[in-house]
């Protein structure tokens with residue numbers, strides 16, 4: 001099967017103009033089929049504060065009220081997504097930017113929670129893999145903004161890590177999919193302050209042990225849960241590592257490899 | 001040849017939630033291939049004023065400085081475009097929202113003018129008709145935001161009427177294209193305050209005469225110039241009329257028909 005790279009880029013890289021430009025140059029140079037899923041960065045928070053829209057955080061989670069949804073739709077699906085696509089075009093990488101609503105590519109439903117109202121936050125129901133496949137077969141690279149849509153045409157703010165995972169899984173039956181979570185760290189670290197404490201490989205039993213010993217940084221846990229879930233659903237390889245080392249992540253010479261056995 | 005409708009919707013309709021919802025329901029119900037080109041409306045001006053970004057108007061034209069470009073990219077390609085697509089999806093009309101950067105669908109260059117610096121404003125060089133064709137052949141409706149891109153990855157604010165015209169012309173070799181400019185008026189009016197003074201048909205010689213007699217409302221002149229240019233470049237039919245009467249515009253029972261002879 002042909003290879004497809006599904007690459008998530010974290011918010012900290014998006015906030016850094018130089019790092020983002022360098023990352024996009026590397027992404028454009030990847031030979032073959034590829035999908036980029038981007039998060040939001042601090043731009044939405046900044047715009048909300050400029051507009052006097054108060055950001056509500058409950059249990060460390062941002063609540064997406066109607067005004068916040070408007071802001072993230074503008075920033076994620078508008079500003080960030082179109083600037084990434086334009087930059088890739090300038091590197092002769094033909095790209096298309098999509099939200100989940102476009103081509104009904106990611107359908108979701110509003111998150112239901114017994115005690116917390118997250119507002120306009122979506123949990124994913126399905127990925128339109130045949131539409132993605134059609135674009136990839138035209139050698140068009142796809143850039144996904146973390147905004148999805150429900151059956152009633154309601155846009156919903158959606159976690160970009162989960163989008164990357166679901167897309168990787170959905171394409172697993174057609175392609176040899178490698179899922180790469182790229183961000184500001186070198187990968188999964190034993191000591192979050194020490195970049196040399198990189199764990200090169202991690203399997204489920206090692207993960208369990210590290211979690212029990214509380215040696216995994218809390219922020220990494222959802223990423224790793226996502227990674228193992230992806231592996232169990234037909235994704236061939238998952239790598240977590242530094243956005244600035246994209247080429248090495250792809251060649252397998254950097255980052256943490258998440259493996260099944 | 002198969003028919004394709006290229007429909008431009010004006011800013012006044014976008015600003016009116018009810019009228020927009022009703023228009024999108026009508027658009028979704030059109031049988032066959034269709035493209036919607038939307039303008040901006042007052043939302044961008046409102047956001048600019050909220051953010052304290054001063055809007056410079058020279059000779060009745062808005063100057064697009066860097067901050068304004070950021071705002072129109074967010075509002076046009078983000079908020080308006082994605083909300084239109086989401087609404088169409090809820091009407092079971094599979095749609096995709098594109099800026100000119102996506103799939104390199106509309107390439108432009110920064111406008112050069114001997115005395116006025118318009119800022120980040122684009123004049124169109126080319127339309128990627130084979131990409132549009134591929135989407136239309138999948139029965140996906142296309143929704144275009146008036147933001148284009150130059151060769152260097154610079155996003156540019158671009159007139160939506162002209163985008164509609166250029167797309168209609170580019171598709172003229174593959175399809176039987178009808179170009180519809182829909183807005184808040186019934187069509188081309190002899191008296192702009194009197195909706196019953198509608199001109200049902202207008203050809204180049206009648207247009208010339210009406211212009212000489214100053215009977216054409218100034219704001220209509222660029223639209224009509226666009227319309228005649230489109231007819232001369234392979235577009236079969238151009239109609240100008242009321243957005244609320246989209247079905248009648250399509251069936252030819254409303255609006256002003258622009259004709260060649």
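The values are calculated or read from the model by the stated rules, or taken from the named source; none is laboratory data. Keep in mind that this is a model prediction, so the values were computed, not measured. Reconstructed Cβ throughout: ideal geometry from the backbone, glycine too, with neighbour counts over all protein chains shown.
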Within region B:104-130, can you find the residues that are free of Cβ contacts under 8 Å to residues at least 12 places away in the same chain and over 18 Å from residue B:168 (Cβ atoms)?
B:112, B:113, B:114, B:115
Residues of region B:193-203 being in a loop (DSSP other than H, G, I, E, B) and either modelled with pLDDT of 90 or more or surrounded by 15 or more Cβ atoms within 10 Å (Cβ to Cβ) (or both), in sequence order, are B:199, B:200, B:203
Which listed residue, of A:185, A:201, A:209, is away from chain B (no Cβ under 14 Å), touching a strand residue (DSSP E or B) at 6+ places or on another chain (Cβ under 6 Å) and over 11 Å from residue A:8 (Cα atoms):
A:201
Is there any pair with a first residue in region A:46-65 that is within 11 Å of chain B (Cβ to nearest Cβ) and a second that is outside any helix (DSSP H, G or I) whose Cβ atoms are under 7 Å apart and which are 6 or more apart or on different chains, and what are they?
A:50/B:51
Look at residue A:87 and say whether it is within 10 Å of chain B (Cβ to nearest Cβ), surrounded by 15 or more Cβ atoms within 10 Å (Cβ to Cβ), out of contact with any strand residue (DSSP E or B) (no Cβ under 6 Å at 6 or more places or on another chain) and closer than 25 Å to residue A:133 by Cα.
yes
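Listed here are the residues, each with its yes/no results for (1) part of a helix (DSSP H, G or I); (2) touching a helix residue (DSSP H, G or I) at 6+ places or on another chain (Cβ under 7 Å); (3) surrounded by 15 or more Cβ atoms within 10 Å (Cβ to Cβ); (4) in contact (Cβ under 8 Å) with a residue 12 or more places away in the chain.
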site	(1), (2), (3), (4)
B:191	no, yes, no, no
B:205	yes, no, no, no
B:214	no, no, no, no
B:219	yes, no, no, no
B:222	yes, yes, no, yes
B:240	no, yes, yes, yes
B:247	yes, yes, no, yes
B:253	no, no, no, no
Taking region A:54-85, which residues are outside any loop (DSSP other than H, G, I, E, B) and over 17 Å from residue A:39 (Cα atoms)?
A:57, A:58, A:66, A:67
Looking at region B:25-34, can you tell me whether even one residue there is within 15 Å of the chain's Cα centre (by Cα) and away from chain A (no Cβ under 14 Å)?
yes
Lone unmet requirement of (1) over 30 Å from residue B:173 (Cβ atoms); (2) touching a helix residue (DSSP H, G or I) at 6+ places or on another chain (Cβ under 6 Å); (3) at the interface with chain A (Cβ under 7 Å from one of its Cβ atoms) for residue B:72:
(3)
Which of the residues spanning region A:1-23 are buried (at least 22 other Cβ atoms within 10 Å of the Cβ) and more than 17 Å from residue A:241 (Cβ to Cβ)?
A:4
Search result, residues across region B:168-185 that are over 18 Å from residue B:134 (Cβ atoms) and surrounded by 21 or more Cβ atoms within 10 Å (Cβ to Cβ):
B:169, B:179, B:180, B:181, B:182, B:183, B:185
Residue identified as closer than 21 Å to residue B:135 by Cβ and part of a helix (DSSP H, G or I) among B:28, B:21, B:48, B:44:
B:28
Which of the residues belonging to region B:175-185 are in contact with a helix residue (DSSP H, G or I) (Cβ under 6 Å, 6 or more places away or on another chain) and more than 14 Å from residue B:223 (Cβ to Cβ)?
B:177
Which of the residues belonging to region B:149-182 are part of a loop (DSSP other than H, G, I, E, B), more than 14 Å from chain A (Cβ to nearest Cβ) and either without any contact (Cβ under 8 Å) to a residue 12 or more places away in the chain or more than 20 Å from residue B:111 (Cα to Cα) (or both)?
B:172, B:173, B:174, B:175
Residues (crowded, with 16+ Cβ neighbours inside 10 Å, touching a residue at least 12 places away in the same chain (Cβ under 8 Å) and at negative phi) located in region A:31-45:
A:33, A:34, A:35, A:36, A:37, A:38, A:39, A:40, A:43, A:44
Would you pick out the residues in region A:91-148 that are part of a loop (DSSP other than H, G, I, E, B), closer than 18 Å to residue A:161 by Cβ and either at the interface with another protein chain (Cβ under 10 Å from one of its Cβ atoms) or in contact with a helix residue (DSSP H, G or I) (Cβ under 8 Å, 6 or more places away or on another chain) (or both)?
A:99, A:100, A:105, A:145, A:146
